[in-house]
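This report concerns only the one structure given below.
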Amino acid sequence: MNEVLLGVDIGTSSTKGVITHADGTVLASAQRQHETAFPRPGFVEHDPEGIWWKDFWEITAELLPQADGPVVGVSVSGIGATTLPADANGDPLRDAILYGIDTRAGREIEELIERYGADAIVERSLMTVNHQSTGPKLMWLQNNEPEVWKRTKQLLMANSFIVQRLTGEYTLDSISASFCVPMFDPRKREWIEDWAEEIAPGLKLPRVLEPWEVAGRVNARGAELTGLPEGIPVCAGTVDSLVESASVGVKNPGDVMLTYGTTLGIAGVVTEPTPSWKLNSVPGVFPGTYVLIGPTATSGALTNWMRSLSGDMPFEELIAEAVATPPGANGLVALPYFAGERTPIWDADARGVIIGLTMAHTRGHLYRAMLEAVAYSARSILDAIDEAGVPV
């Protein structure tokens, strides 16, 4: 009888799940679309119960009947880094604050840079403190939602929330923890205790594991809620983009992956920890590696926006119109910073720009200019990775 593995990925716009044999043979897959909340300008959130847990439960219920043998292990990846304050039982106290597309904590970022110094933060954390970082968002909670902070006993992210719900274990993988700038040392895989206590006073931080390590086993409650066998191991899991890079073979120094989604991301492998002012620098999915990551704030979000302005016409038609225009869109240039920008400029106040627009330009020119803007975003990140010593 074949042994079966369950994997689930919680993304910005959808959750996907798959059951496989140990050799990677896919038996079945499932997907659930979900909505992202934008309660205020710069605020981007997910409902952990209504999205993360509901999607996981529904996908598991759909996939388990299609298994041709016992399910013997589970792992979850997800958007990162997210900031979910939870009580002592791991139950959410508010909606989760999403990764670098949420830009609410600008004042807290400035405070941390003034307190510790930008150079010292990069040296200890391998990267700058920015809107991707969890540290300033924890400070934002203290400054703006003190009643929530008083009740906060756990810091969870998308993957660790599912781990906690299935096993009762309070853990976080080393890659996700690395985004808790400036509270974590990626070289030592340890919390920076003095800074962590100053930034998140009184909060017990999770036990740190490698993504492939077993965080716990499905307990009786987890089995009852999901139908998964009690006692099977649940891995720590990690951030979705890192898992994705591993799945397409990005394993050795110089290997690089570019992925298009709601945002764009580029990941390149190095063997030594590499401090960077422009990129995120985190431990790798494979032992003995580190990864330089360059995420943007828009990509598919931008083309979806253009499509919505065009009456939701099919992408195929928009692409055909763009193809019919020459490279450079007849002098029409777009800057893709419609939601600020992450790498390489880390400027939440950057804004989208359309330059050179005339009455001779058509919708096809506009769409092509947006596609070219996304392409140049990718080029700027590739240049930054090259500067950091990864020969792309």
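The values are calculated or read from the model by the stated rules, or taken from the named source; none is laboratory data. Because the structure is a prediction, the values reported are computed rather than measured. Quick reminder, even Gly has a Cβ in these numbers, built from the backbone with ideal geometry, and neighbours come from all protein chains shown. Quick note on the areas: whole protein, heavy atoms, side chains included, nothing else; ligands and nucleic acids left out. Shrake-Rupley method; radii C 1.70, N 1.55, O 1.52, S 1.80 Å.
Where only protein heavy atoms count, and the probe is 1.4 Å, what is the accessible area per residue for the chain in Å²?
Value returned for the chain: 42 Å² of accessible area per residue.
Only helices at least 18 Å long along their axis, Cα-based, and averaging 1.6 or more on Kyte-Doolittle count here, so list those DSSP H runs from the chain.
none
So if we plug the beta-carbon distance of residue 212 and residue 28 into 1/(1 + (r/R0)^6) with R0 = 25 Å, what FRET efficiency do we get, rounded to 0.05?
Efficiency, rounded to the nearest 0.05: 0.60.
When DSSP beta bridges are limited to those with both residues in region 244-360, what percentage is antiparallel, rounded to the nearest 5?
Percent antiparallel among DSSP bridges in region 244-360 is about 95.
Taking 45 Å as R0, compute the FRET efficiency from the Cβ-Cβ separation of residue 21 and residue 380 and round it to 0.05.
The formula returns an efficiency of 0.65 here.
When the Karplus curve 6.51 cos²θ - 1.76 cosθ + 1.60 is applied with θ = phi - 60°, which whole-Hz ³J(HN,Hα) does each residue of region 30-46 get, with x for Gly and Pro?
Values, residue by residue: 8, 8, 9, 7, 8, 9, 9, 8, 10, x, 8, x, x, 9, 9, 9, 10 Hz.
Can you compute the modelled spin-label distance between residue 220 and residue 57, with each label point 7 Å from Cα toward Cβ, in nm?
Each label point lies 7 Å from its Cα, and together they span 2.0 nm.
Who wins for biggest fluctuation among 160, 377, 247 in a Gaussian network model of the chain, springs between alpha carbons below 10 Å?
Of the options given, 247 has the highest mean-square fluctuation.
Counting only protein heavy atoms, what percent of the accessible surface of the chain is carbon or sulfur at a 1.4 Å probe?
Roughly 53 percent, rounded to a whole number.
Eight or more residues apart or on different chains, and alpha-carbon atoms under 17 Å: count the Lys pairs in the chain matching that.
6
Pop a pseudo-label 7 angstrom from the Cα along the beta-carbon direction at both residue 66 and residue 114 and give the gap in nm to one decimal.
About 5.4 nm, to one decimal.
To the nearest 20 debye, what is the magnitude of the charge dipole of region 278-366 about its Cα centre, counting +1 on the Cβ of each Lys and Arg and -1 on the Cβ of each Asp and Glu?
My answer is approximately 200 debye.
Name the residue from 196, 228, 346 whose Cα lies farthest towards the positive end of the charge dipole of the chain, charges +1 on Cβ of Lys and Arg and -1 on Cβ of Asp and Glu.
Sorting the options by dipole projection puts first 346.
With springs connecting C-alpha atoms under 10 Å apart, model the chain as a Gaussian network and identify which of 168, 268, 364 has the largest mean-square fluctuation.
Between 168, 268, 364, it is 364 that shows the largest mean-square fluctuation.
Roughly how many nanometres apart are two label points built 7 Å out from the Cα toward the Cβ at residue 37 and residue 359?
The two pseudo-label positions are separated by 4.6 nm.
Can you tell me the length gained on complete extension of the stretch residue 251 to residue 1, counting 0.36 nm per residue apart and subtracting the Cα distance?
Additional length available on full extension: 86.9 nm.
Which residue, 23, 102, 87, tops the fluctuation ranking in a GNM of the chain built on C-alpha contacts under 10 Å?
Comparing 23, 102, 87 in the GNM, the peak value goes to 23.
In the neighborhood of residue 78, defined by Cβ-to-Cβ distances under 12 Å, what is the net charge if each Lys or Arg adds +1 and each Asp or Glu adds -1?
-4
In debye to the nearest 20, how big a dipole does region 25-136 give about its Cα centre with +1 on each Lys and Arg Cβ and -1 on each Asp and Glu Cβ?
Here region 25-136 has a charge dipole of around 120 debye.
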